[in-house]
Amino acid sequence: MALDSKVPKGSIKDKWTDYKNHINLVNPANKRHIDVIVVGTGLAGGSASATLAELGYNVKSFAYQDSPRRAHSIAAQGGINAAKNYQGDGDSTYRLFYDTVKGGDYRSREANVYRLAEVSANIIDQCVAQGVPFARDYGGLLDNRSFGGVLVSRTFYAKGQTGQQLLLGAYSAMNRQIARGKIEMFNRHEMLDVVIVDGKARGIIARNLVTGEIERHAAHAVVIASGGYGNVYFLSTNAMGSNVTAGWKVHKKGAYFANPCYTQIHPTCIPRSGDYQSKLTLMSESLRNDGRIWVPKNLEDVQAIREGKLKPTDLTEDQRDYYLERRYPAFGNLVPRDVASRAAKERCDAGYGVNATGEAVYLDFAASFERYGKEQAKIQNISNPSAAKIKELGQEIVRAKYGNLFQMYEKIVDENPYETPMMIYPAVHYTMGGVWVDYNLMTTIPGCYAIGEANFSDHGANRLGASALMQGLADGYFVLPYTIGDYLADDIRTGKITTDSPEFDAAEKEVSERIAFFINNKGTHSVDYYHKKLGKIMWDKCGMSRNADGLKTAIEEISTLRKDFWENVNVPGTASEYNEQLAKAGRVADFLELGELFAKDALVREESAGGHFREEHQTEEGEAKRVKEFQFVSAWEYKGASGKRRYFAQRRTGLREHRS
Ligand SMILES: Cc1cc2nc3c(=O)[nH]c(=O)nc-3n(C[C@H](O)[C@H](O)[C@H](O)COP(=O)(O)OP(=O)(O)OC[C@H]3O[C@@H](n4cnc5c(N)ncnc54)[C@H](O)[C@@H]3O)c2cc1C
């Protein structure tokens with residue numbers, strides 16, 4: 001099948017406006033005859049459900065949690081990008097577009113990214129109107145901070161709880177429609193298949209997770225907003241329930257899946273503490289605005305720290321290696337996530353990791369305490385403040401910005417990060433890959449859309465910080481509501497879609513048989529046993545750095561593990577009760593299939609890009625070239641140097657095969 005991205009013609013900056021002016025619309029009186037299913041109520045699905053219902057469509061929304069408010073989006077901490085240029089520091093739609101494309105190692109679809117940058121400003125206005133309490137500066141204006149990979153401050157935030165506040169906004173908008181009867185909300189329901197009738201997505205099979213009942217739901221279109229699949233690694237910063245099932249089911253019914261191996265490994269997570277851990281915790285990237293990353297310069301100091309004979313605060317400045325500042329002076333600690341993650345791994349692999357597992361580097365706020373403290377002392381007219389007073393004043397500022405993150409760190413690690421540097425290490429965080437979509441956000445199944453983290457389109461090989469919330473809300477509030485109308489305009493005379501059809505019969509049968517299998521198999525190993533084994537293969541062989549031999553081994557190991565799973569998995573309980581293990585069995589079965597595709601994708605990409613790195617390229621010469629290239633690009637990027645077009649052209653020629 002030839003993929004058609006359906007990117008409209010014309011100059012990149014006019015495409016979206018022209019396109020909106022010419023696509024088909026469904027008139028208000030006809031919208032009430034059209035039903036849309038939205039799977040997922042995170043920022044993407046929540047905003048899409050609310051907007052489609054506001055427009056007049058009849059929406060059925062599904063979530064496996066007990067409330068839309070508990071979608072994984074609630075965990076997002078650091079912020080949301082928008083090209084508002086409130087700081088007057090030179091931001092613009094073009095720069096946000098440019099940073100996103102460059103941050104993604106030139107693998108994203110540029111037309112989608114330009115549109116994303118364009119609508120980013122509307123998102124902030126929409127959310128402020130909903131009452132989202134974004135942080136404000138002293139004068140009452142919306143505040144911004146900076147995230148990795150950019151040279152401006154464009155990240156809007158609500159302390160370290162931005163996702164939660166945005167989700168409450170989307171949830172309020174949804175609730176208004178639930179109350180009006182325009183959204184029918186199905187909490188604790190899991191979509192287990194998509195139903196295709198005459199080549200079009202016309203409904204889903206869902207399981208009521210409380211009663212175990214299998215249900216049929218029909219609609220004129222189906223929107224998948226089911227989030228990312230980082231949990232294929234078992235350990236990740238994702239919510240425990242995040243999974244690939246909805247995206248995988250549509251893939252198995254014919255939707256293409258793009259870039260499955262593009263995974264973001266976030267540099268600032270709390271390091272793993274042992275083998276019995278089931279979850280990793282993110283420390284927001286925003287902390288890199290004020291924290292400096294380092295490891296000791298000397299291996300003897302590393303050893304002494306590990307043995308508890310030396311404290312990090314005992315080391316003087318010249319005994320520390322601020323390796324990001326050393327290697328990437330233009331961006332320092334705010335290099336993009338992939339660069340920061342690989343650099344931390346490189347230092348730890350070289351033996352400089354500062355905790356017992358050897359997998360941790362420091363994130364140190366001492367310099368910020370001093371910098372902010374001195375500023376505050378001046379503002380408060382305190383003459384000759386003591387070092388202790390300066391630190392106290394500085395810590396107040398840092399507490400106001402990141403207090404909840406510091407508290408979370410202390411609760412988990414049992415160390416006070418105001419007194420000793422935090423320890424961090426990279427962890428799986430986000431999946432750039434996902435269901436392939438065209439410019440309309442439609443998959444290769446007509447009438448089936450994918451939005452938010454579930455699709456692949458906007459972040460290429462690496463997502464910039466604070467851009468996932470932006471994409472989810474752009475898709476849901478401002479893009480899908482237009483593009484879906486273009487498709488639904490043909491359906492105004494179709495009438496209700498019936499669930500009484502052979503296609504629904506077949507899909508329901510398949511789902512029921514699989515559930516019966518899990519309950520009746522009575523094998524010897526738990527679902528988690530398999531998930532953990534899969535995660536280890538993925539992390540060891542398909543993690544941050546990969547090589548051909550390792551990937552080939554991973555493919556074999558995953559295939560053997562999957563066979564074992566289908567023979568020996570044990571699911572306790574029954575199918576007609578709330579049974580978490582049963583739900584998880586289905587999700588892990590899908591991860592076991594995705595994992596293999598993931599490794600195959602990584603194998604055929606003989607390239608290092610974004611979050612994934614081929615060890616074959618890791619020569620000293622290669623690394624030096626990469627650093628030089630990064631600095632070269634950084635140096636001209638905002639200066640419009642003449643080499644820029646040539647450089648872009650070269651990258652493009654080499655990368656054309658990855659574009660759709
Ligand atoms: C700890 C953490 C912090 C982050 N911080 C930031 C940040 O500061 N800024 C930023 O831009 N991004 C951040 N991200 C990324 C961002 O949070 C996510 O990419 C984004 O929230 C995904 O939104 P979504 O709506 O696509 O999916 P989700 O929020 O994951 O929602 C998925 C929805 O789909 C439903 N669902 C899934 N499968 C099914 C099924 N089969 N049947 C029925 N329902 C289903 C779920 O119930 C849920 O409602 C962070 C991520 C993490 C892990």
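Whether any residue in segment 371-388 is of a type in the set (Phe, Trp, Tyr), within 16 Å of the ligand (Cβ to nearest atom) and buried (at least 19 other Cβ atoms within 10 Å of the Cβ) is what I want to check. No: zero hits. Residues in segment 14-46 that are within 15 Å of LYS496 (Cα to Cα) and more than 16 Å from the ligand (Cβ to nearest atom): ASN30, LYS31, ARG32, HIS33, ILE34, ASP35. Of the listed requirements (1) within 16 Å of the ligand (Cβ to nearest atom); (2) modelled with pLDDT of 95 or more; (3) not acidic (Asp, Glu), ASN520 misses just one: (1). Scanning segment 59-87 for residues that are more than 30 Å from ASN579 (Cβ to Cβ), in a loop (DSSP other than H, G, I, E, B) and within 6 Å of the ligand (Cβ to nearest atom) yields GLN77, GLY78, GLY79. Scanning segment 146-157 for residues that are touching a helix residue (DSSP H, G or I) at 6+ places or on another chain (Cβ under 7 Å) and surrounded by fewer than 23 Cβ atoms within 10 Å (Cβ to Cβ) yields SER146, VAL152.
Only one of the numbered conditions (1) within 12 Å of the chain's Cα centre (by Cα); (2) surrounded by fewer than 24 Cβ atoms within 10 Å (Cβ to Cβ) is violated by GLN471, and that is (2). Counting the residues of segment 273-295 that are within 16 Å of the ligand (Cβ to nearest atom) and acidic (Asp, Glu) gives 2.
Counting only strands (runs of 3 or more DSSP E) that fall entirely inside segment 219-331 and contain at least 1 residues that are of a type in the set (S, T, N, Q) and under 17 Å from ALA343 (Cα atoms), the qualifying elements are 263-269.
Residues of segment 440-475 that are more than 9 Å from the ligand (Cβ to nearest atom), farther than 15 Å from ALA255 by Cβ and either charged (D, E, K, R) or assigned to a loop (DSSP other than H, G, I, E, B) (or both): ASP458, HIS459, GLY460, ALA461, ASN462.
Of all the residues in segment 193-213, those that are assigned to a loop (DSSP other than H, G, I, E, B) and out of contact with any helix residue (DSSP H, G or I) (no Cβ under 9 Å at 6 or more places or on another chain) number 4.
Within segment 88-106, if we keep just the residues that are part of a loop (DSSP other than H, G, I, E, B) and within 19 Å of TYR157 (Cα to Cα), the residue that is nearest to the ligand (Cβ to nearest atom) turns out to be ASP91. Select from segment 1-25 the residues that are closer than 15 Å to TYR449 by Cβ and in contact with a helix residue (DSSP H, G or I) (Cβ under 6 Å, 6 or more places away or on another chain) and list them in ascending order. Listed by number, the list holds a single entry, ILE23.
The values are calculated or read from the model by the stated rules, or taken from the named source; none is laboratory data. Treat the numbers as computed from the prediction; the structure is a model and nothing was measured. Here the Cβ is made from the backbone with ideal geometry for all residues, glycine too, and neighbour counts use every protein chain on show.
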